[in-house]
Each structure stands twice: as C-alpha cells, then as structure tokens.
Amino acid sequence: MSFVPLHVYSGFSYLESALSAKLLPAYAKKYHYQAIAICDDGTLSGYAPFTHSALDGGIHPVYGMDVRFGDEIYSLFVQNETGYRNLLPLTLLCSEQKMTKEQLISHASGLTLVYSPDPFYFGRLSETEEKTFAENLSRVTRAFPSCYLGIPYYPNNAAYIARLRGFAAKYSYSTIAFPFLRYEKKADAIALEILQAIQKQENLTQKEKSGNECFLTPQELAAFYSSEELNRTGKIAEETDFKLLQKRGGLLHYPNDLGLTSEELLRNMTLEGLQKRVPNPSKEYLDRVDYELSVINKMGYADYFLIVQDYVNWAKTHGVSVGPGRGSGAGSLVSYCLGIVTLDPVRYHLIFERFLNPERRSMPDIDVDFADVSRDRVVRYLQDKYGVERVGHVLTTQNILAKQALRDVGRVYGYDDAKEVSPLINTLMYPMHSLRYNYRNSPKFKEKVDSDRYYLSLVGLAAKIEGLPRQAGLHAAGIVLNDTPLPTAIPTSDNPEVGYVACLEKDYLEEQGFLKMDLLGLRNLTIIDECLTLIAKDKGVKLDAEKIPYDDPDSIAIIRQGKVMGLFQLESGGMKRAIQTVQPTSFEDVAALLALFRPGPMESIPSFARRKHGQEKIEYLSPELEPILKDTYGIIVYQEQIMQIVRAMAGFSYGQADLFRRAISKKKVEQLNELKSSFLEGCAKNGKDSAVAEKVYDLIFRFANYGFNKSHAYSYAVITCQMAYLKKHYPAEFYCAILDFLSPSDPKFASTLQELKALQIRLVVPDVNRSGLSFQVEGQSIRFPLTPIKDLQGKLASSIVDERNLHGPYTDFFDFASRLKSAGLNLRILVRLVDAGAFDSLCSSRQTLRASAASAMQYADLTGGEENGQQFLTDIGIAKPLLEREPDDLRANLEAEYNALGMMVSGSPLSLYQEEIKKLPHYCPLHELGNAPYHTMTAGVLRGARAITTKSGKKMAFLELYDEVSVKEFTVFPSVYETCYALLSTGAVLAVECHKDDRKDGTYILDSARALGENEP
C-alpha cells in the first residue's frame, strides 16, 4: 500500500481541526488513498463515526491518538486488540492530565509509536543536549514493538528536516512521512484560524490564509519524502489487525445473597409483585407473566430488569419521585409487577412485544423519569452500589450548526450581533440544515446574502466551520453500566463533577455491547412534589404521588375547558386548538391527543373529533378491526394497533408483527413487496377476503409511519391527568408550585396570572414578614417570594427568613435595616425591597420609605448590626429616626415595582383606563399578543421610542410598550409615524392597532395609535 495519511486530526480535537471525522474516508477516496488514519489529541471519540464512514466507503481505517507531554507529541497507532485495550487507559489519563512517561511505557504493547520532536526545541539542541535527548527518547521508544521518527511536512524549514533525518540515521530510527492534516485544502487554513480564535476568544482581521496542514498532491509528497518514508505509512496500515465494531461491553450481574440465580430471583419478585398489584390474578395475568419471563430469560436480560427495579424502588423509598413509565417498556407486565411502571398493561391493552420479543435482537430500553432536582441522587446510588468505575455518563457532542457558525464567525470578526448577525440569522428558514441548503431554499436568506458582500463573506467563512464539533458535553439522560471497569473496555474521560464519562456517543454504544439506560430528569415530577408538599402544609392532606387519580372526570373537564396552563404537554397554542376540537372526556382521549398532536398524525384530529361526537360514521374494513380501533374511533393512532391488526388478520406472532410494523414504517421499496405478500398470504390462510386484505394493508401502509407508541402516550397521559387533578382540587397549591419554576418574564407567567384572576386567587407582593424563598399560599392569595427581587442575592434572602424565624417579625423599617446589616444589606438592596413592596405591611407609602432609606442604613451602622445594638442605643438615649414623609406617585411606584420584580403585582398602569379599554374592538392584552390573531388591538404604556431617518429621508420609529407583566416591541413605518409622532412621549398610555412582524417573532408592526384618556378624533 502506498502513502497513507496518518497524522490526521478530526473535529473531535475540539476547535483544533476543520476536518469532520465522518468525512475523512470520503477525503481519502477523493485523493485516491486506500486507507486513512484518525489520530486526535488525547481522545478516541471520533473512532465510531469514522469507522462507519470508512466501512461504507471501502476505505481501510487506521486508528491513532496523540499523547502530549508539554511540547512533545507521541502519536500512537493501534496494531491489534491489545493495542486498543492499552490505548483506553491512556485516553483516561489524558483527560485527567496525569499522564507520565512511565505509564506510556507500561501500555506500549500492541501500539506503533511515531515521534516528531518539536522543531523549536529540537533545532536548538547542542551536541551534548542531543545525546541526552536521544537517551531519554530511547527509554520510551524501545518499549514499543514498532517505532518511527515522523518527518512532518515543513517545506520552508530544510535545516530542521535535515537534522531530523540525520538524528534518525545516527540513532537507528526509521523515518516515516508524517504530514500533519487539519484541513482539506491550502486555502482552508483560515478555517483553522477561526476555530482557534473561537477557542481563545480572540479576534481576527484576515479572511484568507494559505497553509500546508492539508491533503498534499502526489507531486508534493514525492518531492519532499523518500519512497521508503512514504511506503512505511502503508506498512502501518497493512499491519493493522483491528476491528472496532465488536462486543466489548457486558451486562452487570445483579447481586443477591439468597443463593438464587438472577432468573429465579426475578420470577420470585415478579410473582410477589403481581399478588400485591393484582390480588388473585386471573389466568390471563399468570400466563402473560410466564411468557414475558420466558422471553426475558431466553434473551439474557434478567439482570437488566433486576437492576432497573432496584434503582427505581430505591428512588421511591428515598424521596425521589419516579414517573409512571416511558417508552415501550411500560407495556411489560413484569415491569408493572416490579414497580417500575404505573399502568397495568393488561387493563390498557399495552403490548409487551412492542418492547421486547425474540425476533428483535436489539437491547431493551427501559427509560425512567425522575424528579429533575433529584435525578443525580439516583446516579450516585448506582455508582455507590456497583462502583464508580462501572457506571458512567455518556458523551454528547455539541456541533456548530448554521446559527452558531454565523454567531461565532461574527464575533471573531467583530460584526455587530444585534444589527448585522441576528437579522441574517432570522432569515434562516431551516436552522437545522446547512447554510448552503438555506441559501438554496430560504429566499430571504439568499436575498440578504446576495445584497451585501459583507454578508457573503460572513456566510462563506461560517460555512467552513459548520458541522464541526464545538465542545463535548454530557448526555442529559444517558448512563452506561458495564460488568467490567469502563476504562478497560471503552474510551473514557474523568469529569471531576460527575465521575467517568463514556466517550462514545449514545448511538454507538449498543453496537459494542454496552448497556445504556436513560435516567431522565423531568421538571413536572418536581412540580408535583412541590405541590404535594404545599397541600400537606396548607390543607393537612397527605397524598401519595403514585396514587393521584388520573381518570377523575372533573380533572378531565378542566382540560376540556382549555385551562391547561402548567399541564404537562398541553400548553402550546396548537394543542389548545386540538383540545377545543376533540373535547376530551376520558383519560383515553387525553392519551390519544398526546399521540395525535405531531406533524402528520394531527391531520387525523378533525376526523377523530367528528367521529367521537357522532358527526362522522365509523366504518371498519373487517370485523377484526373493531375491538382494536374502537377506543380511537376507527382511526389508527398507535403502533400497537398495527401489530394487533396484523396479528388478527394474518395470524402473525406479536414478534413478527412488530418486525412487520418497523419495516413498513420505514417504507423501504425493496422490502414492501415482500411485506405485502407475507401479509396477504397470512390473511388468505386465515380465510380473509383478498379484496378486504388489500384494503387493510393499504390502511396500515398509510398510517404506519404516523403511529405513536401507545405505552408511552398512556404513561405520559398519567402525568398530564394527575397534574390536572391537582390543579382542579388544589388550585392555589398547584399554581404556587408552577410559579416557582417560572420567571416573571416568561410568557407563561402572564398566562398563569390570567387563570389565577379567573379563579379569584390574588397574587400579592413579597413581604419581609411573610414571604419565604418560594411562592406560598395565604388564604385565597399567593404570596410572592423574596428570591425573584432584582439584586437580592439568595444568601441575603435566606438571611431575611432565618433572622425572622430566629428573633421574630420585623417591627419596622429601621428594625429590619439594623437586623440585616451584618448579613450584607446595603442601601441599593434596601431600596429594591421597598420598590418590590416588601415593606407595604409596615408602611403604606413606598416613597416615604425611599426617602428614609439612607437614614435607616445610618441607624443600622450605629447599631453595628448587633443583636443588642438597638437596645443599647435606646439605653443611651438615641431614638430611632423618624420616617421622612413623601407623597406617593402610583405610576412611579408601579414602574419601580416592575423593575424590581419583572412585573407589576400590586396594580396596573392601565387600571385607570379599564372602561375605555373594554370598548376597544378586537382587544387583546399586551401580554397575550403571542396568541392573538394576526391583526389586533392592544394597549400599553410607552416605555421609550427611538426615531431614525430612512434612506429616503423619512422618519420612522421603534417603540416599547408595557403593561403589568410584559414589554413588547413595535415598529412604526414612516406613513404611520407621520400620523402619531406627537403621541410618542415616554409614559404615554396608548391604544394601538397592530399586526405581527413576520420577520421576527415577538415583534409587531404599528398600524395606528391614539392616547387613552382622550376622546377619539
């Protein structure tokens, strides 16, 4: 084999290469190489995508990794499985930055070493220093079965290259062609410059650069290297006897001290659980348990189920809320008996084979939701039980997509993000696709790029880096467990905060036999926990999270009424419209809505609704379909229904039916004829009419890729309906729990307030004597906490509560200042508390308190913030200062309240104009504009106006209007500006007609305006 590029960095050497790991084999083919290596800096994360592309492209993959000791780089190449296994602990040491040369030497077996000394250091060595250098190098190189001295491609440093070759000859090293590749073409050197500028947070001015760390021409290689040096690269490739894609992982054994096999223990626990959950179970339950256990044991997954039930039940007994189920695993009766899932799969006709069957060879996947604030406790439990070396998080790579590429390049070259980059980004119709794709398919993007050479330059440079990895992160849910220590079986890094991280992305774990489980953190479970705590505190009622009803008619009714703020998966505008159409009356209806509300299936929602309400006839192509499709009014909604139809019509086993479903949903042309034939043959054997069978097949074909996982839909509908139950029966506590997880600037906050108003539940300002660190119920009111107050740090907020609990309520403004001085209270924060209304219960005039704030802090200084400070001053005849009375301005107070809390709680600047506002046609409150029709009317207070002159010399303006909870931006074009510019003074209360700005979400175009409080002209 002739020359093979060996020293090749991919994008997984984060921001140090402009070459994609997936594309390396394509480059090899383009430049007529039979093989190519990947040799990243201290990581093997690029191996899997590189391998798949190499195998697909018929290119021989070579695997390497660079190990650094300061400026020294040792490039190691895998010869065989032993070499790979030796490379694994080295990549862990690289991540820990603990590598020593002794460790490198001890892991040399099965690896080829290529060493290229640093040109700056090596070129300055004296003869004596060179001898010492050679001795030290020999100590490392002689440990390796094969070693070369790498000759980099430095055409402009002939002296260094000559000395390097002389050194090799003198000390008996074979030299090898070793050019460093980090971009494809010479002109792509600028891409590397940009990546390094991103990494170092530096700026660039040059936009073109040529370099030599690229794929070289045959002429360049032949002119610089000897034929022996070139051929030795091929020798390394030819001697590589290693396959990455093989089983290296193994399932953990679940420990038990009962002397039972895992299969026996699983059976005992399952039958015990069945008796608890289904007393005196029928033959149907017993037969299904036997069947499921036989499949689980046959496939070798008994330990898997034992491990999952163990950490799920540990969580439940240690205060960590667990979801009712997720994915197809909720269809397992064994999982139900073990307490892993909530729903009885027999009662709800959930199918085990959708999750696991003998014909499906992929590993099972029991994903579990936990309350998000407690999820890490479950991971720590696994690490403690099985050892930190056997439990790891999973790598995820954050790639530079189109938007990020534009922002990164814009920052590097000093573009104004708000004025230049963001307007360009806003024209991208397909942000998940490439810039090239958007240029062809986003007309406004193309128009903007073509209109300005600066935009063209920006996009051209951004295109050079998009798609490359930007940084490594942790998969939000993935955990990998293994029977042997992870660093001996898989590339691993050490993250000081979470432990070991498996450095293969999730899609590549299973193919090497590693068990990945998703332990997901779900915010809604935390909200339920918080709500139950408040109910116990306020109502004295202790509810079990698992036993909250999910089929309560009153709870379903509030969903039907559209009161869905805060309800899991029901809050979007589109879902609200779907609810209005369907008018759900049962738990099953809610589950169907969750399944139908997706691109594609949502086309069936109108028909589903008409059939539900008797407005459209329900017809079944064959009697066998009626019991299967009855709950969904004759429409295929779930994947499991397809399996049931195939089984009923063609006599397939559930395992065969699942394979049929999976294959037909992918609609691969070469398989479709075979699938149809097998289905029709089965129907014929069952005596079905051929014409009916054809129609049923066509029905399945039409809906196959629309069907949703029923087990998942039903499980998530449990959370939705349980939250609806809490909202219906304990509304104040429910809203408290919801508000704790919303910022006042979040549009959902405003929508939540509207629901509160409808229920006549008031939101009241924070109070230093009543507020805690979270929202709390006070009769028919909800009290704002201290924590959202601007500038008030969490530590000081906690001190306010702790001091009050320890020494009683604050008696007045000066008492508060004195007692909190030592905790870090200062004048600015004291005024913020006044602005937030936190002292309204002590003094009704906020302006008076503002005027008195300085004297309050001076008094606090005199007391020294000591517990006895106030009494000491009294004893020596120094009285508290008197409040400096000042008149209040309602508007000023509300604006200050808005600045302190992000909203106005105690009132609205529009309150004086309510009668006039009620008469406005098509009126929509400012904070609800996002859900308003395209053209509408609203009202607000003018926060500010910025007028500019257009190119044609006309005036236009940009406005900000606000109400009690939100601020919206409006553009006033010249024709409208001419009619209303006299109204645009800060503080003016305006009624405006407007329509949505199609160019930017959340902004609006002003059509007309008038001042409220004046007669309409």
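The values are calculated or read from the model by the stated rules, or taken from the named source; none is laboratory data. This is a predicted model, so every value here is computed, not measured. Positions of Cβ are backbone-derived with ideal geometry, glycine not excepted, and every protein chain shown enters the neighbour counts. Each accessible area value is taken on the protein alone, full model and side chains, heavy atoms only, with ligands, DNA and RNA left out. Shrake-Rupley method; radii C 1.70, N 1.55, O 1.52, S 1.80 Å.
Some values worked out for this structure:
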read-out	value
Accessible surface, 1.4 Å probe, highest first, among residues Leu862, Leu882, Leu395	Leu882, Leu862, Leu395
Sparsely packed GluC sites (Glu not before Pro) within the range 597-655, loop by DSSP, other Cβ within 10 Å at most 13	Glu619
Label zone at Ser1008 (point 7 Å along Cα-to-Cβ), backbone N below 14 Å, the range 935-953	936-938
Dipole-positive endmost among Val459, Ser493, Leu474 within the range 449-495 (Cβ charges, Cα centre)	Val459
Tail fraction, Cα-Cα pairs, the range 714-792, threshold 15 Å, whole percent	58 percent
Förster radius 30 Å - calculated FRET efficiency between Asp889 and Lys919, Cβ distance, rounded to 0.05	0.65
Debye equation applied to the C-alpha atoms of the range 302-410, log10 I(q)/I(0) at 0.13, 0.16, 0.20 Å⁻¹	-0.62, -0.81, -1.07
Correct choice for Cα Rg over 2.2 N^0.38 Å that was computed from the model, options (1) 1.03; (2) 1.18; (3) 1.13	(3)
Rounded D (µm²/s) - the range 521-568, Kirkwood Rh over Cα pairs, Stokes-Einstein at 4 °C, 1.567 mPa s	107 µm²/s
Per residue, the convex hull volume that the Cα atoms of the range 593-738 enclose (Å³)	131 Å³
Inverse mean reciprocal Cα-Cα distance (Kirkwood Rh) of the range 361-506, Å	18.2 Å
Prolate/oblate/rounded call for the range 312-362, Cα gyration tensor, a/c under 1.5 rounded	prolate
Sorted largest first, extent of the range 488-615 alpha carbons per principal axis (Å)	63, 46, 23
The range 962-1017: C-alpha gyration tensor shape, a/c 1.5 cut-off, then a/b vs b/c	oblate
Estimated distance in nm for a label pair at Thr317 and Ala158, the labels positioned 7 Å out from Cα along Cα-to-Cβ	7.9 nm
Order of exposure, largest accessible area first, which applies to Lys790, Lys101, Lys710 with probe 1.4 Å	Lys790, Lys101, Lys710
Fraction of accessible area attributable to carbon and sulfur, the range 293-383 (%, probe 1.4 Å)	45 percent
The range 541-622: trypsin sites (Lys or Arg not before Pro) falling in loop per DSSP and having at most 13 other Cβ within 10 Å	Lys542, Lys617
Above-threshold pairs, the threshold being 20 Å between Cα atoms, out of Lys617/Lys695; Lys22/Lys185; Lys563/Lys630; Lys200/Lys1000; Lys506/Lys666; Lys186/Lys235	Lys563/Lys630; Lys200/Lys1000; Lys506/Lys666; Lys186/Lys235
Glu130/Met432 FRET efficiency (R0 56 Å; Cβ-Cβ; nearest 0.05)	0.55
Extension gain from Arg453 to Asp483, taking 0.36 nm per residue of separation minus the Cα-Cα distance	5.0 nm
Ranked order, Glu202, Glu130 - accessible area, probe 1.4 Å, largest first	Glu202, Glu130
Accessible area per residue in Å² at 1.4 Å probe, computed on the chain	44 Å²
Gain in span if fully extended, Ser798 to Leu862, counting 0.36 nm per residue against the direct Cα distance	20.7 nm
Where labels lie 7 Å past Cα in the beta-carbon direction, separation of Ala169 and Ala418 in nm	6.6 nm
Restraint check, Lys316/Lys539; Lys795/Lys821; Lys576/Lys919, Cα-Cα greater than 21 Å	Lys316/Lys539; Lys576/Lys919
Relative contact order [Cα under 8 Å, 6+ residues apart], the range 538-637, whole percent	21 percent
R0 of 25 Å, Cβ-Cβ distance Arg440-Ser210: FRET efficiency to nearest 0.05	0.30
Whichever lysines have a C-alpha closer than 21 Å to that of Lys131, once near sequence neighbours (fewer than 8 apart) are set aside	Lys101, Lys170
Cα-Cα separations in the range 1-156 greater than 25 Å, expressed as whole percent	31 percent
Convex hull volume per residue in cubic angstrom - Cα atoms of the range 7-72	77 Å³
Charge dipole (debye, nearest 20) of the chain; +1 at Cβ of Lys and Arg, -1 at Cβ of Asp and Glu	1820 debye
Lys/Arg +1, Asp/Glu -1 at C-beta; the chain dipole; positive extreme among Val976, Ile400, Leu245	Val976
Helix runs (DSSP H) in the chain reaching 27 Å along axis by Cα, Kyte-Doolittle at least -1.0	710-729
